[in-house]
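**Student:** Can you keep this structure in mind? I'll have questions shortly.
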Amino acid sequence: MAYTEEELFDMSDEDLQAAMAEERAEMDSPETEYEEEQEPEPEVIEETEEEEVEQPEEESADPEEGHDSETPNEEEEPETEEVEDNSENEEDEVTKPEAEEQKVEAKKYKYKANGQEFEFTEDEVLNQFGKVFGQSMNYTKKMQAIAPYRKMISALEEEKLTEDDMNLMIDALKGNKEAITSLVKRADVDVLDLDLEKESDYVPTSYGREESELKVQEVIDEIAADKEFPITQHVVADQWDDASRDVFAQNPELIKELHVDVVNGTFDKVSPMAMKMKVLDGGRRSDIDYYIEAGKQYHMNSRAAELQQQEALQEQQKVEQVQVKQQQRTQVREAAPKRKAATIPRKRVSTPKVTDYLDDTDEAFDDWYSKLQESM
């Protein structure tokens with residue numbers, strides 16, 4: 001309630017005190033309640049999440065100590081930021097060369113053909129796969145069509161017959177007299193010795209190599225250019241027994257598999273095992289049987305050793321991970337005091353106290369009274 005100056009002069013001391021209390025309640029009480037509800041919000045300095053997590057205990061610290069350390073902490077803060085920036089630059093310097101190396105290094109594949117080794121990148125293999133696959137399918141189809149005539153072709157090669165010779169034989173078979181005459185003269189046969197009235201008991205002579213022999217020759221032609229071929233040839237032709245050679249003749253692909261073992265060094269490891277088995281067993285089976293059995297045992301042992309090595313490697317990786325975590329924890333503990341020293345402490349905001357002007361001095365009362373008049 002607002003009073004005029006004349007009303008104030010006419011009031012008694014009791015009425016004046018009551019008016020002062022009423023005016024103070026209207027002016028001070030709402031602000032006091034608001035400040036109590038919204039205590040530190042107007043003046044509190046915001047802290048980072050990192051400061052709140054790492055330093056929860058400093059909230060209970062003495063406000064005076066916090067204000068004393070405010071100035072040096074503000075000076076130390078730029079140093080902390082510079083350290084973080086340097087670490088980011090170092091990470092960038094380390095990461096960029098690694099990324100460049102990954103881009104430069106491309107996966108490559110090696111293939112061997114005609115005794116030579118060829119190297120291709122992964123992109124080249126993928127780009128040429130469709131073309132090569134199509135050519136391979138066409139080659140397989142053509143070889144299947146030629147298969148029935150392979151023995152005949154080998155006979156022509158062995159007898160060194162030319163295209164004219166083949167045409168002469170075809171014409172003679174068709175009854176061409178000139179072709180027959182040319183053939184008789186070429187063979188130097190006396191026509192008087194020919195008995196045309198007698199039934200012929202002629203049995204054609206088989207020329208050319210059998211299919212199994214042709215397959216063996218294909219394998220040999222494929223691996224003959226390798227420098228390790230003489231070793232494979234010596235094992236098949238001289239070192240192993242006839243029973244083993246019969247197996248190779250029936251399945252020529254085994255020659256290629258044996259040659260692969262010779263090239264990669266597996267033969268040198270498996271062969272002694274096979275010879276030991278043969279001695280202990282009394283040689284009741286073929287050399288290739290002992291070699292196959294020894295090869296299975298060798299690969300089983302190699303696989304077991306590989307699994308054991310992988311398990312040992314995994315255990316070592318686990319130990320290294322634990323050591324890395326322990327080092328990180330140690331680094332965090334060692335860096336904690338420095339980080340705490342670099343953080344800005346919280347400022348304590350005390351709740352404004354309500355002034356009781358009735359208990360104040362005359363100067364305080366006069367000051368309050370003058371402000372009251374100005375507000376009216």
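**Student:** For V322 and K269 in one chain, what is 0.36 nm times their gap in residues minus the Cα-Cα distance, to one decimal in nm?
**Tutor:** Value of the extension gain: 15.1 nm.
**Student:** Put a dot 7 Å past each Cα toward the Cβ at E311 and E213; how far apart are the dots in nm?
**Tutor:** 5.5
**Student:** What percent do you get for the relative contact order of the range 210-321 when only Cα pairs under 8 Å and 6+ apart count?
**Tutor:** For the range 210-321, the relative contact order is 23 percent.
**Student:** Beyond 20 Å, how much of the Cα-Cα pair distribution for the range 210-321 remains, as a whole percent?
**Tutor:** Counting every Cα pair in the range 210-321, those more than 20 Å apart make up 50 percent.
**Student:** Would you list the P(r) distribution for the range 187-271, with all Cα-Cα distances sorted into 10 Å bins from 0 and each bin expressed as a whole %?
**Tutor:** Bins of 10 Å from zero give 14, 36, 16, 9, 13, 9, 3 percent of pairs.
**Student:** Quick check on my link table: of K141/K296; K108/K256; K215/K269; K227/K256, which ones sit more than 26 Å apart, alpha carbon to alpha carbon?
**Tutor:** K141/K296; K215/K269
**Student:** Using the beta-carbon distance between D238 and L196 and R0 = 45 Å, what value does 1/(1 + (r/R0)^6) give for FRET efficiency, to the nearest 0.05?
**Tutor:** 0.25
**Student:** Using the Karplus curve 6.51 cos²θ - 1.76 cosθ + 1.60 with θ = phi - 60°, what ³J(HN,Hα) values do you get for each residue of the range 218-229, in whole Hz, with x for Gly and Pro?
**Tutor:** Along the range 218-229, the couplings run 4, 5, 4, 4, 6, 9, 5, 6, 6, 5, 7, 4 Hz.
**Student:** How large is ³J(HN,Hα), in whole Hz, for each residue of the range 118-129 in order, when computed from phi with the Karplus curve 6.51 cos²θ - 1.76 cosθ + 1.60 and θ = phi - 60°, using x for Gly and Pro?
**Tutor:** Once θ is set to phi - 60°, the couplings for the range 118-129 become 10, 10, 10, 7, 5, 5, 5, 5, 5, 5, 9, 4 Hz.
**Student:** Still on this model: Could you give the size of the charge dipole of the range 183-277 about its Cα centre, using +1 on the Cβ of each K and R and -1 on the Cβ of each D and E, expressed in debye and rounded to the nearest 20?
**Tutor:** 540
Read-outs: derived from the displayed coordinates by stated rules, not from any lab. Just so you know, these numbers come straight off a predicted model, no measurement behind them. Note: ideal-geometry Cβ built from the backbone for every residue, glycine included; neighbour counts use all protein chains shown.
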